[in-house]
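Input: a single structure, listed below in structure tokens.
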Amino acid sequence: MRKGVSPAENIRLLDDDDVREIHNNILHIMENIGLKLKNDEVLEFLGDNGCEVDFDEQMVYVPSYLVEECIDSAPSSFRLGARDSENDVMFQQGRSYFCSCSGPINVLDQEEGFKKPEYEDLEESIRVGDYLENLDVVWNQYTLVDDELLGLQSLKAMLTNTTKHIGVFNWYGRDLVGKQIEMLKEVVGSEERLRKRPPATLYVEPASPLSMAEEHAEAILEWTDYGMPVLNFPIPFAGATSPATIPGSVSQALAESFLGLVISQLNNPGNPFIGGTWPFPMDLRQGKSTYFAAEALLIQAVTGQMADFYGIPVFGTGGCTNSYFPDAQMGTEMAMTLMGAFYGGETLIHDIGYTGAGDAGAIENTIYGNEIVSILKRQAEGVTINDETLALEVMEDVGPLGEYVATKHTRDHMEDLYFPEFLTREKMEEEREPDKKAMKRVRRKCNDILETHNPEPVDEETEKKLDEIIDEASDLA
Amino acid sequence: MSYLDDIKDAISDFDEDRGRELAEEAVDEGVDPLDILDVVSEELGKLGEKFDAGEIFLPTVMSAADVVKAVMDVVNPVIEESGGERDSEGSVMIATVEGDIHDIGKSMVASMLLSNGYDVIDLGRDVPNEDFLKQIEEKMPDAVGMSSMLTTTMGRQEEIVEALREKGLKDKIKVIVGGAPITQSYADEIGADGYAKDAIEATKTLNKILNN
């Protein structure tokens with residue numbers, strides 16, 4: 001069972017009044033400004049359940065009491081199932097979990113450069129995700145752009161290449177989500193097991209500002225009919241698609257996210273839900289959307305604190321970079337975004353391995369990110385004060401100019417220390433040896449994983465059924 | 001349980017006192033000291049291999065080496081008295097040079113050499129040139145190892161090599177050097193026979209220059 005981890009202390013930037021102000025801001029947005037929802041069926045459903053609806057404008061206004069009810073009914077902890085029950089996740093707000101994510105339309109090999117992904121690349125990225133101990137949830141890291149049934153192909157790649165909980169993108173609305181659910185059912189065996197240990201979380205993304213696309217709204221309804229976890233994560237770029245100020249941007253984002261909360265809870269009270277906020281503002285000098293910003297930690301910490309206030313888990317962002325190279329920018333941005341998300345208290349931290357601001361996925365970066373997470377986990381142990389750790393006796397024994405290496409105290413505690421696999425010291429003598437760079441060690445590790453790690457496959461019969469479902473779905477594309 | 005098994009246990013328990021006591025008792029009871037030596041060398045050798053492979057940490061090897069040294073201190077004189085011949089890769093005298101109190105790197109090298117079958121005479125740290133040379137002439141080891149961690153003390157290495165040359169010992173005794181500021185080119189410059197950047201490499205270098 002995977003149980004998550006939390007830092008000894010979270011970074012907290014808001015006092016109680018600040019939290020209340022942001023909360024009221026969110027309620028005000030949802031009740032008075034309203035959100036555009038381009039799906040009449042879902043509008044009707046919301047109207048029947050107490051929301052104010054304007055069909056002409058395709059707007060929904062959610063009364064505050066209803067938002068509060070939905071916040072109360074959403075669980076703060078739930079189980080994420082996995083093909084191997086050892087990999088089930090006891091998922092709860094207040095702890096952090098880590099995952100890769102799908103989306104990029106390029107594969108970035110840190111030495112060979114870009115290429116367009118093929119199905120085998122999806123499989124490789126999933127196998128690496130399956131291997132990395134710190135990834136609790138696995139995603140294929142690329143999108144097959146030319147494949148019209150990409151949602152189903154990706155799902156097959158995940159179901160057959162990892163035994164961990166998986167993330168599923170929604171692309172085409174109710175019908176294709178239905179097919180995705182059929183495939184999941186095929187693998188776990190029955191609808192009951194789908195509900196009890198849901199093997200996948202559905203990712204939907206509202207469009208900022210304040211809008212949700214037709215296919216996303218209905219996908220949430222279809223998916224939550226089965227009680228499976230749904231994640232509604234907006235990507236507002238502060239200064240462009242949300243206010244430039246952090247409290248305003250986070251309020252808007254959470255209102256967008258909470259429209260998904262409301263749909264899921266009204267359809268199936270108590271349905272697992274994950275909210276969240278994108279942490280990187282627009283680069284307004286150049287008009288570019290970025291995957292790093294100085295403000296990220298502030299937004300992550302505010303989001304984490306709101307998650308704490310609501311008792312609702314949030315999708316965090318870290319381990320990504322604007323850089324296309326294995327360079328200083330990559331290392332800095334990956335580490336700082338992971339630290340901000342973790343110390344800020346975000347729950348499911350994704351995008352480990354995104355490069356070039358989302359242009360490409362790089363499994364070498366994912367492997368490197370896994371080590372940064374190990375470091376965070378070591379830091380999460382905090383510091384224990386007692387006579388043993390204060391260590392007066394051993395200091396007395398060793399005395400001035402002595403050494404601690406061969407003492408029992410060192411042996412007793414040496415395994416408390418974490419020794420990185422990649423971030424090591426490599427002595428170089430006459431010249432600098434590029435082969436001793438950390439990312440070279442990562443690359444060798446990557447090759448090693450791909451050569452040796454083969455997760456338990458699904459049986460042939462099941463794989464055949466998956467292919468049949470994909471074939472049947474081809475007329476939906 | 002035999003004495004030999006108990007001594008192995010003392011090594012895996014890192015119990016220096018027990019190792020020494022057991023060695024004394026075993027010798028008194030007539031256990032062949034060469035057998036004891038075989039056992040402790042083998043145990044330490046196994047740990048050395050695991051350390052090389054990254055499976056265990058340095059403190060484990062160095063703690064075990066402390067027990068092995070304690071056993072050897074009991075056993076070696078007995079072997080010498082009886083005129084016995086023990087298997088050895090060779091003898092190495094090792095020290096951190098004059099003015100330099102850095103001990104750990106040198107001790108690591110000593111432990112690793114011990115675990116690889118060398119007889120190690122560890123003179124400690126901050127060893128004055130004069131004492132060092134006196135000990136060399138007295139014991140005539142196969143090789144001399146010198147460590148310095150400071151740019152201000154690395155010059156002592158050159159002085160020792162020079163003194164060995166003057167005494168006509170340079171061809172008889174191999175010299176290996178190491179320490180933070182030391183490089184292969186410095187080793188070449190002062191006429192050392194070998195250089196090692198860490199404890200693992202020290203054994204390999206020494207094997208090479210002694211043709212083992």
Cα shape, segment A:210-289, gyration tensor, a/c 1.5 rule:
prolate
How big is the charge dipole of segment B:3-82 about its Cα centre, in debye rounded to the nearest 20, if each Lys and Arg gets +1 on its Cβ and each Asp and Glu gets -1 on its Cβ?
400 debye
What does the extension gain come out to for residue B:25 and residue B:80, with contour length at 0.36 nm per residue minus their alpha carbon separation?
18.0 nm
For segment B:31-45, what does the Karplus curve 6.51 cos²θ - 1.76 cosθ + 1.60, with θ = phi - 60°, yield as ³J(HN,Hα) per residue in whole Hz, taken in order and with x for Gly and Pro?
5, 5, x, 5, 5, 4, 4, 4, 4, 5, 5, 5, 4, 5, x
Label-point separation, residue A:421 to residue A:359 (7 Å along Cα→Cβ), nm:
2.9 nm
In terms of the charge dipole of segment A:56-380, which places +1 on Lys and Arg and -1 on Asp and Glu at the beta carbon, the residue among A:151, A:178, A:353 farthest towards the positive end is A:353
From the C-alpha gyration tensor of segment B:11-134, pull out the three semi-axes of the equivalent ellipsoid (sqrt of 5λ each), sorted largest to smallest, in whole Å.
24, 19, 13
Linear extension gain, residue B:162 paired with residue B:13, 0.36 nm per residue minus alpha-carbon span
49.3 nm
Hey, with R₀ at 45 Å, roughly what FRET efficiency would residue A:404 and residue A:114 work out to, going by the Cβ-Cβ distance, to 0.05?
0.35
Among bridges DSSP assigns within segment A:56-380, what percent are antiparallel (round to 5)?
35 percent
For segment A:59-73, in residue order, the Karplus 3J(HN,Hα) values (coefficients 6.51, -1.76, 1.60; θ = phi - 60°; whole Hz; Gly and Pro = x) are 10, 10, 10, 9, x, 4, 4, 6, 4, 4, 4, 5, 4, 5, 7
Residue A:192 versus residue A:327: modelled label distance in nm, points set 7 Å from Cα along the beta carbon direction:
5.8 nm
For the protein assembly as shown, the spread of Cα positions along each principal axis, largest first, Å
105, 55, 51
Do the sum for the protein assembly as shown: with -39,500 (n - 2.57) for every DSSP H run of n ≥ 4, divided by all residues, what is the mean residue ellipticity at 222 nm, to the nearest 500 deg cm²/dmol?
-15000 deg cm²/dmol
Fluctuation leader among B:144, B:67, B:127 - chain B, Gaussian network, Cα springs under 10 angstrom:
B:127
Out of residues 5 or more away from residue A:138 or on other chains, whose amide H comes under 5 Å of its own, with H placed 1.01 Å from N in the peptide plane?
A:165, A:166, A:167
For segment B:91-211, the count of lysine pairs 8 or more apart or interchain whose alpha-carbon atoms are under 25 Å apart comes to 29
Can you work out ³J(HN,Hα) from phi for every residue in segment A:2-18, in order, using Karplus 6.51 cos²θ - 1.76 cosθ + 1.60 and θ = phi - 60°, giving whole Hz and x for Gly and Pro?
8, 10, x, 8, 10, x, 4, 9, 7, 6, 10, 10, 10, 8, 4, 5, 4
Rotationally averaged projected area of segment A:323-477 (alpha carbon convex hull; nm²):
16.6 nm²
Partner shielding of A:402-414, taken as the mean number of other chain Cβ atoms within 10 Å, equals 5
Which of B:109, B:78, B:61 fluctuates most in a GNM of chain B (C-alpha springs under 10 Å)? That residue is B:78
Given A:185/A:377; A:408/A:436; A:3/A:185; A:179/A:464; A:408/B:69, the pairs whose alpha carbons are separated by over 23 Å
A:185/A:377; A:408/A:436; A:3/A:185
Provide the FRET efficiency to the nearest 0.05 for the residue A:284-residue A:105 pair, computing r from the beta carbons and using R0 = 35 Å.
0.85
So the pair-distance distribution of segment B:91-211, from every Cα-Cα distance in 10 Å bins, comes to percents of 15, 55, 30, 0
Report the normalised scattering of segment B:3-82 as log10 I(q)/I(0) at q = 0.23 Å⁻¹, calculated by the Debye formula with identical scatterers on the alpha carbons.
-0.97
Zone of residue A:240 (label point 7 Å along Cα→Cβ, backbone N under 14 Å): which residues in segment A:291-314?
A:291-293
In terms of the Cα gyration tensor, with a ≥ b ≥ c the square roots of its eigenvalues, is segment A:241-365 rounded because a/c is under 1.5, prolate because a/b exceeds b/c, or oblate?
prolate
Cβ-derived FRET efficiency at R0 56 Å, residue A:44 paired with residue B:56, nearest 0.05:
0.25
Taking the Cα-to-Cβ direction at residue A:378 and at residue A:147 and moving 7 Å from each Cα, how far apart do the two end points lie in nm?
3.8 nm
Cα gyration tensor of segment A:56-380, axes a ≥ b ≥ c as square roots of the eigenvalues: rounded (a/c below 1.5), prolate (a/b > b/c) or oblate?
rounded
For chain B, with a Gaussian network of springs between Cα atoms less than 10 Å apart, report the residue from B:43, B:80, B:98 with the top mean-square fluctuation.
B:80
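Each value in this text was obtained by applying a stated rule to the coordinates, not by laboratory testing. A quick note: this is a predicted structure, and the numbers were derived from the prediction, not measured. Using ideal geometry, Cβ is built from the backbone for each residue, glycine included, and neighbour counts are taken over all protein chains shown.
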